[in-house]
Amino acid sequence: MATSVTLEDALSNVDLLEDIALPDQQPCIEPPPASIVYQANFDTNFEDRTAFVTGIAKFMEEATVHAKLNEMLEEGDEYAVMLYTWRSCSRAIPSIKSNEQPNRVEIYEKTVEVLEPEVTKLVNFMYFQKRAVDWFCEEIKRLCHQERRRDFVSEAHLLTLGKFINMFAVLDALKNMKSSVKNDYAQYRRAAGFLKKMADPQSIQESQNLSMVLANHDKITNTLKEKLETIPGYEEILADVINICLTYLDTRMYVTPEEKHVLFKVMGFGLYLMDGSQSNIYKLDSKKRISLSKIDKYFKQLQVVTLFGDMQIPLYSYITKSPHYEENKSRWTCTATNNSPSYNILEQLQPIREEHTKYISELARHSNEVVTTAQKDSPRTDEENKELCDLALRGVQLLSSWTVQLMELYSWKLVHPTDNFSNKDCPKEAEEYERATRYNYDTDEKFAFVEVIAMIKGLQLLMSRMESVFNEAIRRNIYADLQDFVQIVLREPLRQTVKKKKTLIKSILTSIRDTCVDWMRGMEPTDDPCLKGEKDPKSGYQIHVPRRNVGPSSTQLYMVRTMLESLIADRGGPSSKKTLRKEMDGMALTSLDAFHKQSFFYTHLLNFSETLQKCCDLSQLWFREFYLELTMGQRIQFPIEMSMPWILTDHILETKEPSMMEYVLYPLDLYNDSAHYALTKFRKQFLYDEVEAEVNLCFDQFVYKLSDQIFTYYKAQAASIMLDKRFRAECAQHGIQIPYPPANRYETLLKQRHVQILGRSVDLNRLITQRISTAMQKSLDVAIGRFESGDLTGIVELECLTEVNRLTHKLLSEHVSLMDFEAMFREANHNVSAPYGRITLHVFWELNYDFLPNYCYNNSTNRFVRAVFPLSQEVNRERAPPNTPQDVYGTKVLNNAYGHIYNLYTGFVGSPHFRAISHLLGYQGIAVVMEELLKIIKSLIQGSIRQYVKTLMDSMPKICKLPRFDYGSPAVLEYYYAQLQDIINYPELKTEVFQSFREVGNAVLFCLLCEQSLVSTKTPSQEEVRDLLHAAPFQNIIPRQYVKEGEKPEAKMKKLEQKYQALQVTSVIEKLGTPQQAAIAREGDLLTKERLCCGLSMFEIILTRIKTFLEDQIWHGPPPANGVMNIDECTEFHRLWSAMQIVYCMPVGENEFTVEQCFGDSLNWAGCLMTILLGQQRRFEALDFAYHILKINKADLKDDVIKGVNLRRMCDRIRKFQILNTQIFATVNKYLKSGDADSLPVEHVRCFQPPIHQSLASSC
Amino acid sequence: MAGGRDTGSAVQRQIQQDWANREYIEVITASIKKITDFLNAFDMSCRSRLAMLNEKLTSLERRIEYIEARVTKGETLT
């Protein structure tokens, strides 16, 4: 089955992968994706040492020791992890309360069962530390041997010894700190002792030893020191180790943060070991063997280093602990507790930023070159490779320095927790860890922290993207360097040594060459003159050095460097004066030195991916086993508020700092680092689980806070845009600032569709969309809820809120996919499947219970205002739903501003309200409201009004004439007063009767004003026009087209008509729908088309409908006796209305309310409307009592007070009401179309015979 | 002396062979690395595109639900 593919094909296939376009729209604001991590490790730990037969035996031997030490170091690391991550088991085990407890044995058995595997580890640890101490001392002894002492010890070896010293320090400190280890072991011993597990003397002894190791503080250190002091000259080796550390620090010979800190710890602990009964570091210093002042300088700069995890050690503590400290106190400055400038991250930030910018731009140039010259045929030149290789090295060094900066600040802060005194925010009872993390950083520090993290992670991403390129360049460059060195550079020293017959040096040089040389032809050219110590021929001697894409193996590199070092080393105490260096030629030395120095970084570069990861590892910001141990079981884990990653994330979210917003995912990535570390280094499932649990919690919080914030942000933005500009300007003039929300960068975050967290990929956009949708829905719900909790005037604010929400929706829709606004609005309005929404229902409810009975109309302002005293009972409304500022206009300031604006609309109901109503209710809503209003009108007219009219008609005089002018107006008034006595004194007239009329009037006026707001051209709302335009495409209405010369417009229209045929509603429904649907469609189409053409009016229909309510006999009375019309008889409605007019025209006393104040013009509207609809308008105008008084008064201009009524004032009122009535008649007639056609009255004219005088009649 | 040279050249040949072998391993490693990078990029790209698709489907689903609710009176479409 398997088809064979050649290597070339396979490789070219791999290369082709690069050509596949993999679009990913999201902006990159998170660390590199790590679905698959591939790291090749070719470190053999000297397993292959025997293959290098050409090497010098001594160094092969050293390699063997080295390998062994490395293994022990690794084991030591495992024990350190075991101790660090130890969680107390004994606390979880139930304690035995009394000796009589029945399940005592069982508990002990279980205790042993549970603890045994752990205790085994401890036993192993005990043996290990013993073995390690022995081994170390053995090694020191070997190196200190009188004969060996003259010999050279390689840097690598010294460094490994240094690492051992570090390991002892760490293990001892961890053992001291973990009291839970001791407790667990004590519990185990008790249980095991009870069960008689440890019967044989050997195990008793073992157990005894282990207790001693665990119980004694600094047991390892003390044993080590004791043993070392038995070795004569041990301090010399340690001094070498310390010096090498110092040199490395001086020359920055370290890459990863850990390497740097190990150097520090080795110096500190090394000094402590050296200062004892046998040796004195101060004497060594005066002998210039070591330089304490230099060390002091370093320790002053870096006061605290990480010992392990979150356990820190102040470096001066090693110094102060040492025995000779007291008498030499004055020599140390690092012990003073002053702040080192390196802990001021704010000052460090600027240089870091500059480095970052500079490096990023350089990297970008190379990265662009890689992209644009991907297809380049010729491989990179040596120079290009070198440049890239240098770039890679500088990159990791930069990253490392930034990481170091952060971690050192973190360490320092852990050792220097804050307190209530220095930070007022820190409560007095704050616990230790809280004081070290949560309250220990100020705002700027947190921002700086985030920024540096972002720079680290950002650069890491950029570099890891170029990893393949870097890797190749690094390998090619190292290969070229190495081969050039051994094949070309080494020729000159070789020639010299051959010439001067220095066999030892020659043998070392040849050995170096043979260990790693890769000759062009597989063999060393035999004719090379340098081998004979001769000069090159004049023409020069050519050696072609091959080029390969591979670096030296780890052992090879070690051998070459160590052998080279043995040549150039000038180190050593007074006993090793004779070094090979002195026998070498100066020129050759420089080149050897240079190569030795630059080859130091080869290991790091060859393991580029691993180095990069180590340099960017910030995992330790989360681990807190040390502090957990300190709580003595009070805490199982710390809450997220004390956790560094969340503190930083939350800080960005809380401050909403726009420049930091895009960094918000970086602090969250710290969890990735920690989880990775827990899984791969600590290898502890429970730690991973805890990280995971925290991430779950934090991420929820994060999404919750973020989406809330984003919604508020866009809401406030929309509300700011919608806020009246002049209002804002006006406010500004009065010194009230309504700020625009500061711009923030949420767009980038909203584009994140695959955030990598703990190996999961989270669609952030989707999560935020879900929450924003809910928030949007809620704010619409709140808007309607607010309207429902108030009276009808709230409709204007509701409209505005709807618009603000609509704009918010529009702004948000650019970034997230929300449901259509209309759909959301309908849902909030409960209008999806129900025909009428909450708004319609509430409008109607308000009309019915509040508007109709309580509002007074003013015909000149076209407004309704609330009556001065209500005639109906107080209405109870639902309470407004609870809400937060972002549910309304976004912020408190905006809510306040809008509150002030819309407060102006609460005092009346006028055209803005009607516009809002017609806008929000739509045709359907208006139709239903009108229908309901008609029902109310009907019930009023046919119910209470009819009843009252009937009653009042009975109290009307049978005949009431229009007295002659001669009587004078006072007399006429007196006449009417007498005639209408019963009506005037009817107790319910001014309350119940007028109230009923007012309600009818209000209802009718509501319909009228609604219609006006729908069609009126005076108002800016052009609801209908817009609707018609929208409908046009579906109705076969095609705008006139531009016609080119020679084109027939008809033909073009035909074509267009054909083109849009599928859109036409009627024809489509006729084809596909039921006959019923087709009929509806046709009607709708017709209605829409003709609505404006022939001025179809809704109000006219309403009037016609009301007319049908007035068919009762009571309105007309019996037919006139004279067969033409009633003149003096009071049987018709208009006579009653005239009587009422007399009543409401009477002026009122000082503290009484006028009829207008109580009922407004609605009263007149109802009366006049009914008069018109009953066809009694002319008769009313001609025969009205009040008009008659006015007419007479105009003529005689008399004034008098009749029965407490001031005639002049009454006439004034009559005049006003006459004008009002005329206006009402005109308006209604306009709608009834009785006024517009001149021919109409003619039709209605009935021709009567002219009356004939009786005398004449008889004569005829 | 001659024997020494022979073993010397044999070692040299072996070392050259070792270089060649390790270069071969290096090439393979680099290729695996490239494949890894490709897979990671592919993963990201797919996730992003699937997320877009998911978003579209979700919004369509919601629309259908909405329209269904609009056109029916209580009962759901079958």
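Listed here are the residues, each with its yes/no results for (1) without any contact (Cβ under 8 Å) to a residue 40 or more places away in the chain; (2) over 51 Å from the mean Cα position of the chain (by Cα); (3) surrounded by fewer than 11 Cβ atoms within 10 Å (Cβ to Cβ).
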{"residue": "A:Ile1038", "(1), (2), (3)": "yes, no, no"}
{"residue": "A:Gln1064", "(1), (2), (3)": "yes, no, no"}
{"residue": "A:Thr1088", "(1), (2), (3)": "no, no, no"}
{"residue": "A:Glu1100", "(1), (2), (3)": "no, yes, no"}
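Counting only residues that are hydrophobic (A, V, I, L, M, F, W, C), surrounded by fewer than 19 Cβ atoms within 10 Å (Cβ to Cβ) and under 19 Å from A:Ile647 (Cα atoms), the range A:417-471 holds 1 of them. On the stretch given as the range A:804-856, residues that are within 13 Å of chain B (Cβ to nearest Cβ) and of a type in the set (Ser, Thr, Tyr) total 3.
Taking the stated definitions as given, is A:Thr515 within 13 Å of chain B (Cβ to nearest Cβ), polar (S, T, N, Q), in a helix (DSSP H, G or I) and in contact with a Gly (Cβ under 7 Å, 6 or more places away or on another chain)?
On the way: within 13 Å of chain B (Cβ to nearest Cβ): yes; polar (S, T, N, Q): yes; in a helix (DSSP H, G or I): yes; in contact with a Gly (Cβ under 7 Å, 6 or more places away or on another chain): yes.
So A:Thr515 fits the description; yes.
The residues of the range A:791-834 that are touching a helix residue (DSSP H, G or I) at 6+ places or on another chain (Cβ under 7 Å) and acidic (Asp, Glu), listed by number, are A:Asp791, A:Glu797, A:Glu799, A:Glu803, A:Glu827.
Given the criterion touching a residue at least 24 places away in the same chain (Cβ under 8 Å) and in contact with a Lys or Arg (Cβ under 6 Å, 6 or more places away or on another chain), identify the matching residue among A:Leu69, A:Leu73. Write out each step before concluding.
Values: A:Leu69 fails: in contact with a Lys or Arg (Cβ under 6 Å, 6 or more places away or on another chain).
Residue meeting the stated conditions: A:Leu73.
Candidates in the range A:29-40 are the residues that are more than 7 Å from every other protein chain (Cβ to nearest Cβ) and of a type outside the set (A, V, I, L, M); of these, the one that is nearest to the chain's Cα centre (by Cα) is A:Glu30.
Examine the range A:50-66 for a residue that is away from chain B (no Cβ under 14 Å), over 39 Å from the mean Cα position of the chain (by Cα) and within 25 Å of A:Ser619 (Cβ to Cβ), and state whether such a residue exists. Spell out the reasoning first.
Applying the first criterion (away from chain B (no Cβ under 14 Å)) to the range A:50-66 yields A:56-66.
Right, trim to over 39 Å from the mean Cα position of the chain (by Cα) and you get A:56-66.
Okay, now just the ones that are also within 25 Å of A:Ser619 (Cβ to Cβ), so none.
Within the range A:50-66 (the criterion being away from chain B (no Cβ under 14 Å), over 39 Å from the mean Cα position of the chain (by Cα) and within 25 Å of A:Ser619 (Cβ to Cβ)), the answer is no, since none of the residues qualifies.
Take the residues of the range A:743-773 that are over 16 Å from the mean Cα position of the chain (by Cα) and within 14 Å of another protein chain (Cβ to nearest Cβ): which is nearest to A:Ile721 (Cα to Cα)? Checking each candidate, the answer is A:Ser761.
Every test in (1) touching a residue at least 40 places away in the same chain (Cβ under 8 Å); (2) part of a loop (DSSP other than H, G, I, E, B) is passed by A:Gln737 save one, and that test is (1).
How many residues does the range A:279-297 contain that are under 23 Å from A:Lys225 (Cβ atoms) and in a helix (DSSP H, G or I)? Walk me through how you get there before you give the answer.
Residues of the range A:279-297 under 23 Å from A:Lys225 (Cβ atoms): A:279-287, A:289-292, A:295-296.
Narrowing further to those that are in a helix (DSSP H, G or I): A:281-286, A:292, A:295-296.
Total meeting the criteria: 9.
When A:Val782 is tested against the conditions (1) within 14 Å of chain B (Cβ to nearest Cβ); (2) assigned to a helix (DSSP H, G or I); (3) within 27 Å of A:Arg877 (Cα to Cα), the lone failure is (1). If you go through the range B:21-54 and keep only what is of a type in the set (A, V, I, L, M) and either within 7 Å of chain A (Cβ to nearest Cβ) or surrounded by 15 or more Cβ atoms within 10 Å (Cβ to Cβ) (or both), you end up with B:Val27, B:Ile28, B:Ala30, B:Ile32, B:Ile35, B:Leu39, B:Ala41, B:Met44, B:Ala51, B:Met52. Residues that are surrounded by 19 or more Cβ atoms within 10 Å (Cβ to Cβ) and hydrophobic (A, V, I, L, M, F, W, C) within the range A:939-958 comprise A:Leu940, A:Ile941, A:Ile945, A:Val949, A:Met953, A:Met956, listed in sequence order.
When A:Ile936 is tested against the conditions (1) touching a Lys or Arg at 6+ places or on another chain (Cβ under 9 Å); (2) of a type in the set (Val, Ile, Thr); (3) surrounded by fewer than 22 Cβ atoms within 10 Å (Cβ to Cβ), the lone failure is (1).
Can you tell me which residue among A:Arg581, A:Arg521, A:Arg495, A:Arg561 is charged (D, E, K, R) and within 14 Å of chain B (Cβ to nearest Cβ)?
Details: A:Arg581 fails: within 14 Å of chain B (Cβ to nearest Cβ); A:Arg495 fails: within 14 Å of chain B (Cβ to nearest Cβ); A:Arg561 fails: within 14 Å of chain B (Cβ to nearest Cβ).
After applying the criteria, what remains is A:Arg521.
Sub-6 Å Cβ pairs linking a first residue in the range A:879-894 that is in a helix (DSSP H, G or I) to a second residue that is of a type in the set (S, T, N, Q) and crowded, with 24+ Cβ neighbours inside 10 Å, at least 6 apart or interchain, are A:Asp887/A:Ser779, ordered by first then second residue. Does the range A:524-558 hold any residues that are closer than 22 Å to A:Ala67 by Cβ and more than 9 Å from chain B (Cβ to nearest Cβ), and which are they? Matches in the range A:524-558: A:Ser554, A:Thr555, A:Leu557, A:Tyr558. Of all the listed residues (A:Ile640, A:Ile636, A:Ile568), the sole one being closer than 23 Å to A:Thr85 by Cβ and at pLDDT below 90 is A:Ile636. Report yes if A:Asp669 is acidic (Asp, Glu) and in contact with a Phe, Trp or Tyr (Cβ under 9 Å, 6 or more places away or on another chain), otherwise no. Considered against the rule, which asks whether it is acidic (Asp, Glu) and in contact with a Phe, Trp or Tyr (Cβ under 9 Å, 6 or more places away or on another chain), A:Asp669 comes out as no. Given the criteria of a type in the set (Lys, Arg) and within 13 Å of chain B (Cβ to nearest Cβ), does A:Arg465 qualify? In short, yes.
Which members of the range B:55-64 meet the condition of being surrounded by 14 or more Cβ atoms within 10 Å (Cβ to Cβ) and either more than 9 Å from chain A (Cβ to nearest Cβ) or under 23 Å from A:Gln756 (Cα atoms) (or both)? Steps first, please.
Going residue by residue through the range B:55-64, those that are surrounded by 14 or more Cβ atoms within 10 Å (Cβ to Cβ) are B:55, B:58-59, B:62.
Residues satisfying the conditions are B:Glu55, B:Thr58.
Selection of the range A:1118-1173 for residues being among the charged types (D, E, K, R) and touching a residue at least 24 places away in the same chain (Cβ under 8 Å) yields A:Asp1128, A:Glu1129, A:Glu1132, A:Arg1135, A:Glu1156, A:Asp1161. For the range A:99-133, taking the residues that are without any contact (Cβ under 8 Å) to a residue 60 or more places away in the chain and among the acidic types (Asp, Glu), the one that is nearest to A:Gly76 (Cα to Cα) is identified as A:Glu113. Looking across the range A:486-501, the residues that are touching a residue at least 40 places away in the same chain (Cβ under 8 Å) and of a type in the set (S, T, N, Q) come down to A:Gln487, A:Gln496.
Within the range B:13-43, the set of residues being touching an Asp or Glu at 6+ places or on another chain (Cβ under 6 Å) and at pLDDT below 90 comprises just one member, B:Gln16. Taking the range A:2-28 as the range and being at the interface with another protein chain (Cβ under 7 Å from one of its Cβ atoms) and aliphatic (A, V, I, L, M) as the test, the residues that pass are A:Leu11, A:Val14, A:Leu17, A:Leu22. When we screen A:Glu1050, A:Glu974 for residues that are crowded, with 16+ Cβ neighbours inside 10 Å and either charged (D, E, K, R) or within 24 Å of A:Ser1097 (Cβ to Cβ) (or both), the only hit is A:Glu974.
Within the range A:920-971, which residues are closer than 30 Å to A:Phe787 by Cα and not hydrophobic (A, V, I, L, M, F, W, C)? Before you say what the answer is, go through the steps one by one.
Pass one, the range A:920-971, residues closer than 30 Å to A:Phe787 by Cα: A:920-940.
Those that are closer than 30 Å to A:Phe787 by Cα and not hydrophobic (A, V, I, L, M, F, W, C): A:Gly922, A:Tyr923, A:Gln924, A:Gly925, A:Glu931, A:Glu932, A:Lys935, A:Lys938, A:Ser939.
The values are calculated or read from the model by the stated rules, or taken from the named source; none is laboratory data. Keep in mind that what you see is a predicted model, and the values were worked out from it rather than measured. All Cβ positions, glycine included, derive from the backbone under ideal geometry; neighbour counts span all protein chains shown.
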